[in-house]
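What follows is a set of notes on a single structure, which appears directly below.
The values are calculated or read from the model by the stated rules, or taken from the named source; none is laboratory data. On a predicted model such as this, the values are computed, not experimentally measured, just so you know. Using ideal geometry, Cβ is built from the backbone for each residue, glycine included, and neighbour counts are taken over all protein chains shown. Only protein heavy atoms, including side chains, enter the accessible area calculation; ligands, DNA and RNA are left aside. Shrake-Rupley method; radii C 1.70, N 1.55, O 1.52, S 1.80 Å.
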Amino acid sequence: MSTDTDDQVLSYPLPAPSALEPPPEWVQLRERCPVAHVRLASGDSAMMLTRYADIRQVLSDPRFTRDLSADGAARTTANEGGSAFENAEAAALVSGERHQSWRRLVMKWFTAKQILAMQQRMETMVNSLVDDMVAKGAPADLLASVGFPFPVWVICDLLGIPDIDRDKLAYWSNTMLSMTQYTQQEIDAAQLEFRQYMTAHITSKRDNPGPDLISELLTVVDEGQRLTEQELIFTAQGILVAGHETTSNMIGKMMAMLLADRARWEQLLQDPALVRTAVEEALRYDANSGFGLPRFLTHDAEIAGHSVPRGTTLVCSLSAANRDERAFERADAMDLTRTPNPHLAFGAGPHSCVGQTLARTELQTVLTLLLRRLPTLALAVPPDALPRRTGLLVGGLEQVLVRW
Amino acid sequence: MTPRPTSAPGQKASSPMRILVDLDKCCGAGSCVLAAPRVFDQRDDGIVLLLDESPPEDLHKAVREAAAVCPASAITLEERD
Ligand code: HEM
Ligand code: SF4
């Protein structure tokens, strides 16, 4: 077995040929080099995993920590999902011992029941965004018109933030996640303004509680331990950062994938009951999910028959795992009826996306309403000319121009 | 270990199924409830609540899906051939 992974050092992330296509190296890496030595943008090295089973093993094992502030951990700029808790205090809340009790507090707001209760309101939101888009006329940017605002509106609803402040939240969220689009000064200012806003919001919820996550967290006592106000702000910020850009991007990519091949859209028009499995398949098939999930090894481990020493930083490429032919039949084909579809787009194990039922419902709502209202929807540019987003930490498209 | 998608539904015509859930592993994502709402629910705190530990035949496919998609691998099935 050729286990020497040092002879080829790839730069990570690997470049992809276009927004919807995977880097060609994945197939070979999964086949011959499942634990591959890569160099990150920071210059630090890490080991990249590409196989489904290995990544699932790593993500499910709490000994592989998400805390990359440890000595010797590679410097990543990965900020995807829950890793948005980037400063040390915020990180302490969502990794290590505090994580579980924090997660239990937050989790009850993301149960299937809670989310289904929001569904009607979500439909109203999407309908009003589609109304505006249609009123302005084609061609329109589906991402700017629906994909970008909708998940922020949902998060505002969840946090009990009034409708008139939605745009402010959207701006702060976009700025806080950006790497190159905004100056450091703008990023710091956005952070400060967001924290001030949340502090005031928390005070007002303390006086006038409502049916929202903030009011609930203010009152709930978990094993005698409340969240401090500081922690509450981190939680709100984490949810905004973890739940906005990810979902916006996925709406854009899902629609682009489904419209890129007319047969897919037609199949859904004929059988709208496929929306649920189609959303899952879009999540699996997304070749451009971003950096992947970094993990730090605090003990020696064995992965795919290789011994990997303590102190190694791993990068789990979720998109590569989701195309693993060992785990999915015809992994390279987009099959809107695929069931079951145990893809890893939301991670796995104790940190797996707490908002996944919400994200799924958002994606299903958007797809259902677009099918119903704009059956003639089509991309206004060829799929391989879809502009990619740069300067943000999550992979996505810059624009999805459509007509109908 | 890894829940590999099974591709042979209907194979186990009239075999009983028993569901085991590991409450300590459950991370409350609710995927099981979406896949098989007649068999799985969530308690108020988000942890899985098993409604029927040996569901009838017509629900087996949905239950297998729930087990496969559970991000915490907290659902195991005992199926006799
Ligand atoms: C399609 C959209 C989404 C994708 C692809 C996604 C993906 C992910 C992934 C991969 C993780 C795991 C991070 C890790 O293990 O290091 C994660 C965690 C997380 N996500 Fe999502 N997410 C999405 C939507 C949402 C939404 C809508 C929310 C909430 C409003 C949310 C809130 C969170 C939180 C709070 C965590 C941290 C959980 C923990 O550490 O226990 N996500 N997400
Ligand atoms: S899918 Fe798994 S982790 Fe999620 S609620 Fe059900 S049992 Fe728990």
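A few comments on the model shown:
- Among the numbered conditions (1) more than 11 Å from ligand 1 (Cβ to nearest atom); (2) in contact with a helix residue (DSSP H, G or I) (Cβ under 6 Å, 6 or more places away or on another chain); (3) within 21 Å of residue A:384 (Cβ to Cβ), the only one that residue A:263 does not meet is (2).
- Restricted to strands (runs of 3 or more DSSP E) entirely inside the stretch A:298-383, no element has at least 3 residues that are among the basic types (Lys, Arg), more than 16 Å from ligand 1 (Cβ to nearest atom) and away from every other protein chain (no Cβ under 11 Å).
- Taking strands (runs of 3 or more DSSP E) as the structural unit, those lying wholly within the stretch B:12-76 and holding at least 1 residues that are away from ligand 1 (no atom under 16 Å from the Cβ) and within 12 Å of chain A (Cβ to nearest Cβ) correspond to B:40-42, B:48-50.
- Candidate set from the stretch A:382-404 (those that are at pLDDT 95 or above and open to solvent by 10 Å² or more (accessible area, probe 1.4 Å)); member that is farthest from residue A:148 (Cα to Cα): A:404
- The set of residues in the stretch A:117-146 that are assigned to a helix (DSSP H, G or I) and surrounded by 16 or more Cβ atoms within 10 Å (Cβ to Cβ) comprises A:118, A:122, A:125, A:126, A:129, A:130, A:133, A:142, A:143, A:144, A:145, A:146.
- Residue satisfying all of: in the stretch A:28-39; under 22 Å from residue A:57 (Cβ atoms) and without any contact (Cβ under 8 Å) to a residue 40 or more places away in the chain; surrounded by the most Cβ atoms within 10 Å (Cβ to Cβ) among these: A:36
- Inside the stretch B:35-58, residues that are more than 20 Å from residue A:354 (Cβ to Cβ) and near ligand 2 (Cβ under 10 Å from one of its atoms) make up a count of 2.
- In the stretch A:201-216, residue modelled with the lowest pLDDT [restricted to those that are open to solvent by less than 60 Å² (accessible area, probe 1.4 Å) and of a type outside the set (Ser, Thr, Tyr)]: A:216
- Within the stretch A:40-60, tally of residues that are open to solvent by less than 30 Å² (accessible area, probe 1.4 Å), out of contact with any Asp or Glu (no Cβ under 7 Å at 6 or more places or on another chain) and more than 16 Å from ligand 2 (Cβ to nearest atom): 8
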